[in-house]
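What follows is a set of notes on a single structure, which appears directly below.
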Amino acid sequence: MIKHIVMWKFRPDTQAQQKEFLEKLSGLQGVIPQLIRSQVGVNVGADNYDAVLISEFRSMEDLHAYKVDPRHQAVSGLCKSIAVDRVAVDYEF
């Protein structure tokens, strides 16, 4: 099993786009078959990343299939328009 964790910092004054992005990202659960489970969260603290995605896949191949899926690509495009930084880690568990 693979856990895929991504965190983003967003440009100021993009709250509406952030909300749309995170809702659409959450909406991929149950739509893209390789995505076993996912959780999207918004930071409640200060001076940290703004949002996080924690998702699970059976294999790195499934994670790759998710990343290139057109439905994920559409959501990712919205993120790229508002993000100023992104960090990610993938690990086996």
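Computed from the coordinates by the stated procedures, all read-outs in this text should not be read as laboratory data. Keep in mind that what you see is a predicted model, and the values were worked out from it rather than measured. Cβ: placed from backbone, ideal geometry, glycine included. Neighbour counts: every protein chain shown.
A few notes on this one:
- Loop-located trypsin sites (Lys or Arg not before Pro) across region 42-72 with a Cβ neighbour count of 16 or fewer within 10 Å are 58, with loop assigned by DSSP.
- Magnitude of the charge dipole for region 37-93, about its Cα centre and with charges confined to Cβ atoms of Lys, Arg (+1) and Asp, Glu (-1), is about 220 debye.
- Helix-only arithmetic for the chain: the sum of -39500 (n - 2.57) across DSSP H runs with n ≥ 4, divided by the residue total, places the mean residue ellipticity at 222 nm at -11000 deg cm²/dmol.
- Here the translational diffusion coefficient of the chain follows from Stokes-Einstein with Rh set to the Kirkwood radius across Cα pairs; for 4 °C and 1.567 mPa s it amounts to 96 µm²/s.
- Against the chain, whose longest principal axis comes from its Cα atoms, helix 15-26 is set at around 10 degrees.
- Förster radius 35 Å - calculated FRET efficiency between residue 60 and residue 13 (Cβ-Cβ, nearest 0.05): 0.45
- Positive-pole candidate from 59, 75, 89, dipole of the chain, charges at beta carbon: 75
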